1. Lys and Arg at +1, Asp and Glu at -1: add these up for the other residues within a Cβ distance under 14 Å of Leu34 and post the number.
2. Distance cut-off 21 Å, Cα to Cα: go down the list Lys156/Lys190; Lys269/Lys299; Lys7/Lys190; Lys181/Lys300 and report the pairs above it.
Amino acid sequence: MSSQLLKLTHDALKILGIGPKSNKIYSFLLLTTLTLLVILSSIDRPYLKSYTYIKLVVSVLMDFIAYFFNFWTILFSRSDFFQQFECDNEPKLRHYLIFIFVNVFFWVIILMSNYAFTRIILLKSVLEIVIIDIEIYSQFLYGFMIYLILDTIKSKYRQMHRLLANYKVITSDEFFYLVSKIESLACELKNTVDDFNDIFGISFLLIISYSTLHFVNYIDDLFFFRFEKSKFEPFLISNISLVSLIFLFNCTLIIMCDCVRSEASKVVKNAQKLRHKFDLKTLVLNFPKFTAGGFFHVKKSTIFSILNTVSTLLIVMVQFDKER
């Protein structure tokens, strides 16, 4: 199923101009339009005057990461990597329905957040809201593609696990062939994971960074509400919906990386039972490791590291707010 959904996501990213094999004209138009919109929206932002220096830095850094994400994914994409995930089967109705549901779910939350936000700051501006929507949607759709690729890699490790689990029902000659096949698949998947890190590592880092700063920025706004009290309710709706979407989606990608590692661990465990017939070095040396641009390993504990970073930044921002 992931292969067909991946094909649909590729096609959608091509239209936006930020995916592999994207039309260069679309990509150029997107970057040019986004650059002009960012410049125009940056000219007049009166609400920034009420920000402390640290909050201003966080907000500017968020804008830069969101813009740079599109720049990076457009100019540094490799189409050859995706050939191994291509399938001959065309997407069926259920694949279209899943893809439509995911997009509808995203836009319902975004539009609800936009509506609530425009009630707080009339014309915040509309231009700035459009920019944020485009940047978040590009991250979301690109992240969805990463999720599907990780799911496909996980399925291949699961296939290896099943092959090893059924070793008792095959002959010795078939077992020798099985061992060779498992070792070959392990090397192949390790190369796939290494290519994944090279291609998506920086994108992953940017998604995690944006999600972390977004979380910090909006929680700070919640603690120190800078508008009329009557506007707190719509602000709360806008805050919770958007933060939940971005942060939980980020956590889903991190957990998916850990799921791939978990499936690989099952393969190694089964191989340990056959260590008198199996060379464990091949599996151990080719154990998958995901990194965010080479800066840190991506695993479940990364979520706690993010929360630790969020709490540390919040303490610093609260101190600055109190002093002001």
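What follows is calculated from the coordinates using simple rules that are stated; it is not laboratory data. If you're wondering where the values come from, they're calculated on a predicted model, not measured in any experiment. Please note: Cβ atoms are built from the backbone with ideal geometry, for glycine as well, and neighbour counts cover all protein chains shown.
1. Numbers: positive: none; negative: Asp63, Glu128, Asp133, Glu135.
Summing Lys and Arg as +1 and Asp and Glu as -1 gives -4.
2. Over 21 Å Cα-Cα: Lys7/Lys190; Lys181/Lys300.
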